[in-house]
Amino acid sequence: ATLTAENVAWGQRVVSYFRKKTQTPALIHSGEQVAEVLRQLPASGPLFPYLRTVRSGDRATEFKQRGTLLGILGITLVVILILVFSMTFVLPLMRLRDVAHRMAAGDLDCRVEVDSAGVIGELAGSLNKIGDDLQMQTAALAKTSGDFRREIKERRAMEKGLSKAQKLESVRKG
């Protein structure tokens, strides 16, 4: 709070001061960016005049208030990032999972809307292709099964007719 421009060695980019509580000297070496900020401060007198007018207890309270505000802002930012992450990744994955469950239960007509070009979009496209392939294979299997049923029915009818013909032949001979 009592830093003055005289505490700054501008050429060496060093701030020196005495700690109030311990009365020990402290040196802060700065890089070019900090030196640029320091150059914008007053060339003489107190560097932070506002802090000289505030009691140390009030400074601590103000610091706590600002820290609390920064904490609240930080938590709010984290919540917003979680929501964005959820909307971007989790919800599309949940839609993919739901469609996969429906397909596994036998609903081969369901598809996923592909609205992404990334990995999730590729996964959605692959799931839709699996659905298309399963539908085609199921239709082909149903056709083959129907063909087999017809052939079995025809053979049974032929066997029945042959059996009747054999009985008639044996009755005529006999």
Query raised in the report: Excluding same-chain residues fewer than 8 positions from K21, which aspartates and glutamates have a Cα within less than 18 Å of its Cα?
Result: D58
Report task. Restrict the search to the range 19-98; then list the trypsin sites (Lys or Arg not before Pro) that DSSP places in a loop and that have at most 10 other Cβ atoms within 10 Å of their Cβ. Result -> R19, K20, K21, R55
Query - Stokes-Einstein translational diffusion, the range 93-174 - Kirkwood Rh over all Cα pairs, 1.567 mPa s, 4 °C, in µm²/s - result: 78
Query raised in the report: Against the longest principal axis of the chain, how steep is helix 56-85, in degrees 0 to 90 to the nearest 10, with axes from Cα atoms?
Result: 20
Report summary line: A 1.4 Å probe over the protein heavy atoms gives the chain a carbon and sulfur accessible-area percentage of 64
Requested in this report: Express in whole angstrom the spacing between the alpha-carbon centres of the range 45-101 and the range 135-174.
Outcome: 78
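Mind pulling up the Rg/Rh value for the range 1-47? Radius of gyration and Kirkwood radius, both on Cα. Can you show the working numbers first?
Details: Rg = 10.7 Å, Rh = 11.0 Å.
Using Cα coordinates only, the ratio equals 0.97.
Can you list, largest first and rounded to whole Å, the semi-axes you get for the range 79-120 by taking the square root of 5 times each eigenvalue of its Cα gyration tensor? Kindly include the intermediate steps, with their values, before the conclusion.
Working: eigenvalues 119, 26, 7 Å².
Ellipsoid half-lengths, sorted descending, are 24, 11, 6 Å.
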Report task. State the extension gain, in nm to one decimal, for the chain segment bounded by T76 and E159, taking 0.36 nm per residue of separation less the distance between their alpha-carbons. Result -> 21.8 nm
Query - Dimensions (Å) - the chain, Cα atoms, principal axes, largest first - result: 138, 34, 27
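When the expected Rg is taken as 2.2 N^0.38 Å, what fraction or multiple of it is the alpha-carbon Rg of the range 25-98? Numbers along the way, then the final one.
On the way: Rg = 22.2 Å, N = 74, 2.2 N^0.38 = 11.3 Å.
Output field value: 1.97.
The values are calculated or read from the model by the stated rules, or taken from the named source; none is laboratory data. Source: prediction; values computed, not measured. Quick reminder, even Gly has a Cβ in these numbers, built from the backbone with ideal geometry, and neighbours come from all protein chains shown. Heads up: the accessible areas ignore ligands, DNA and RNA and are worked out on the full protein's heavy atoms, side chains in. Shrake-Rupley method; radii C 1.70, N 1.55, O 1.52, S 1.80 Å.
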